[in-house]
């Protein structure tokens, strides 16, 4: 009887010590703190400081543009590194004195016309660009669109 009681007492004391040690370790070393230094092993068995991997830089935007003349002539451009280059190419493609850039975009662009006025729109898809153009114009129909 005494041996069973003694074993239970020993087990209880050991469990209390383990629990106390766990609480102390948790208090001294917070849960979300790193548990080791950032090191990496080289192929020769030595330890070298790990270098962080630099983030991949975002891709620069690629521009497109749509120009329209009073006559209805239109010019489109896409795949240009700058807004200015995209506008210049759209105007060159339009090839008329009254050409004017109505839409500059990085995904999709569209031009709406109501019989009198033109208005440009942009969007992440053709449908979004067309909706943007007709909404900004207050109606009308799509005369041209470009996506890249």
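Each value in this text was obtained by applying a stated rule to the coordinates, not by laboratory testing. Since we're looking at a predicted model, the values are computed, not measured. Every residue, glycine among them, receives a Cβ derived from its backbone with ideal geometry; neighbour counts consider all protein chains shown.
A few points about this structure:
- The value of relative contact order for segment 63-147, using C-alpha pairs under 8 Å at least six residues apart, is 26 percent.
- Per-residue extension of 0.36 nm, minus the Cα-Cα distance of residue 106 and residue 82, leaves a gain of 7.6 nm for this segment.
- Computed from the C-beta positions of residue 98 and residue 59 and an R0 of 35 Å, the FRET efficiency is 0.50 to the nearest 0.05.
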